[in-house]
Amino acid sequence: MKITSKQLRQKWLSFYESKGHVNVGAVSLIGDGTTGVMFNVAGMQPLMPYLLGKPHPLGRRLCNVQGCVRTVDIDSVGDASHFTFFEMMGNWSLGDYFKKEKTAWTFELLTKEFGLDKDKLCSTVFEGNDAAPRDEETASLLRSLGILPEHIFYLPKSDNWWELEGTVGTPCGPDNEWFYPIDPKKKDPVFPDDYVEIGNDVYMQYRKTETGYVPLENKNVDTGFGLDRMLLFLNGLHDGYKTDLFAGVIAALEQLTGRRYDEDGEARKAMRIVADHTRTTVMLIGDVNGILPSNTGAGYILRRLMRRAIRYCRKLGVEPASTMCAVAAAFIDEVYGEAYPLLVGKKDYILDEIKKEAERFETMLEKGMAEFEKCIAGIERKNAFMAGKDPAYVPENTIGGKQAFRLYDTYGFPLELTEEMAAERGYGVDKEGFDAAFREHQEKSRGDLHAGEAKGGLESHSVQAVRYHTATHLLNAALKAVLSPDVNQKGSNITDERMRFDFNFSRAMTPEEVKAVEDLVNQKIAEDIPVVYKEMSLEEARAEHFVGVFDSKYGDVVKTYSIGDFSKEMCGGPHASRTGELGHFRIVKEQSSSAGVRRIKAVLE
Ligand code: SER
């Protein structure tokens, strides 16, 4: 190993300390709620108020190494370069130095400290648009430092602009990204295919508003280089699981499973998933604001990670609880204990919680397996019966799409798990049938929604989406109570992470009104009111003041949901069975959607 993770962290910090920066240390991985982002996804996130202008007690030049959790690419984990947890090496100028110093220091660090060849470095800058000019200044500084002019590229906003997606009021700006050949020995590498991004300097000089970007008083710099990625690259490796961060863990998994990481592609993918997801689990449970797996908010994401790891332990043929505990212990003892001493203190607690979750999921897995056995037995019975009647009968060997969908929907079995289990018994799975059942289910849930619901409002029936759906009913009723009985839902959109709700109202809500609505919804959640489903005639629904769009015909039967006397809506469901299941409701944003229509974004935590 040319450079270890510990040396790299140290090198980064001492380099920027030598340039007058103060190490501000790392903060919690759990989002502080200011942006509505669930986890800390970038080193700049905790520094947002300072980037927006608040004086920082430690000065205007800061640096640190900050853990980040990003779960958007969870399905890609298993390849050589995706992680759900990583460390970002950062440094900042809060309205102090700007492009001249920053380009020079990044160049110095990369070429002198890390020994990269300046003639191989490539750099991209912002090409400009209506909001911000073309970054000729950075390009010219790069040229004067010695970056070859043909290695400087101007790219559009989709490449060279950094902002926290889905937020408003946050700092952002054009960035300068640094690239190096994946294989430095390759002759005439072609940009970008043969290159890897190693980090970026963001010139944060704008604030994102609802409609565009306004200049900030301070011209800031926000630099971020991924430690995990850099480590791999500086050591001339091509597999992110070969660095010292993972070497011990992979060796432990090889020993436990008796399978070889290098030689067995299937085991390799599973080992990477178990290692990555367990590392993130350790970091989230062991965090200073540690969380536990649950059915809402950040806890739900943690649960998804843990259950995916559990499933892959099974694929590796090892017992999930003990394997994940061994992996977690290796991370704490051998890799992260020194940089994150809190993990050492919380080690027993972390292992205990991993064990509990693995045991909990085991029961669900078992029920799903029993269901799976029933499917197989059913097909075998039919085959035996038919063979008795007709000697030419060709036996069935496919699990039906509807059955596979039931395993998916009720027992949380991903299709691949069903397929794998089926293959072991010599069966296939009707994938097309599965897709059809999936679509039918989705269409049904869309069709069932009350007519006021925007198309695509409820994309899936995940437990979390169902909770959000119930939250829209509470929100609808709370808005009527706080603002006016004339407020009506104009549309909604739900994902597993958040809800959006549009309603007619002619002005912005005051902060007091937002708070009152939030409090009222939370009060109804705290009351743990049952959500009651009833079919009735349209006339009855009208008489009982159910809300919804009355577009049905006379005599029709309608589906209704009521939450005590507080909310009564005509709606196809599905819904949570009690409001207490929803967790804490928080309005992240209230903004204009179109003329006379406001939009609320809210989360359940
Ligand atoms: N905010 C930028 C990033 O996350 C630079 O720190 O990459």
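The values are calculated or read from the model by the stated rules, or taken from the named source; none is laboratory data. Quick caveat, the model's predicted, so the values are computed rather than measured. Glycine also receives a Cβ, built like all others from the backbone with ideal geometry; neighbour counts cover every protein chain displayed. The area values use the complete protein model at the heavy-atom level, side chains included, leaving out ligands, DNA and RNA. Shrake-Rupley method; radii C 1.70, N 1.55, O 1.52, S 1.80 Å.
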Considering 243, 323, 257, 280, which residue is of a type in the set (S, T, N, Q) and under 23 Å from the mean Cα position of the chain (by Cα)? 280
Could you go through the range 72-82 and let me know if any residue there is within 13 Å of the ligand (Cβ to nearest atom) and at pLDDT 90 or above. no
Which numbered condition residue 86 fails, given (1) open to solvent by 10 Å² or more (accessible area, probe 1.4 Å); (2) assigned to a loop (DSSP other than H, G, I, E, B): (2)
Filter the range 214-229 for residues that are under 18 Å from residue 45 (Cα atoms) and away from the ligand (no atom under 13 Å from the Cβ); the one that is least open to solvent (accessible area, probe 1.4 Å) is 216
Filter the range 503-525 down to the residues that are buried (at least 19 other Cβ atoms within 10 Å of the Cβ) and outside any loop (DSSP other than H, G, I, E, B) and list them by number. 503, 517, 518, 520, 521, 524, 525
Kindly list the number of the only condition in (1) at pLDDT 85 or above; (2) out of contact with any Ser or Thr (no Cβ under 6 Å at 6 or more places or on another chain); (3) on the phi < 0 side of the Ramachandran plot; (4) not aliphatic (A, V, I, L, M) that fails for residue 428. (2)
Determine whether residue 129 is away from the ligand (no atom under 16 Å from the Cβ) and within 33 Å of the chain's Cα centre (by Cα). yes
Is it the case that some residue within the range 233-252 is within 16 Å of the ligand (Cβ to nearest atom) and either open to solvent by less than 10 Å² (accessible area, probe 1.4 Å) or at pLDDT below 95 (or both)? yes
Considering residues of the range 522-550 that are under 30 Å from the mean Cα position of the chain (by Cα) and in contact (Cβ under 8 Å) with a residue 60 or more places away in the chain only, the residue farthest from residue 572 (Cα to Cα): 522
Quick check, is residue 201 within 16 Å of the ligand (Cβ to nearest atom), under 23 Å from residue 112 (Cβ atoms) and open to solvent by less than 70 Å² (accessible area, probe 1.4 Å)? yes
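Select from the range 360-385 the residues that are under 25 Å from the mean Cα position of the chain (by Cα) and open to solvent by 50 Å² or more (accessible area, probe 1.4 Å) and list them in ascending order. Before you say what the answer is, go through the steps one by one.
From the range 360-385, those under 25 Å from the mean Cα position of the chain (by Cα) are 360-362, 364-365; that's our starting set.
Answer for the range 360-385, where residues must be under 25 Å from the mean Cα position of the chain (by Cα) and open to solvent by 50 Å² or more (accessible area, probe 1.4 Å): 360, 364.
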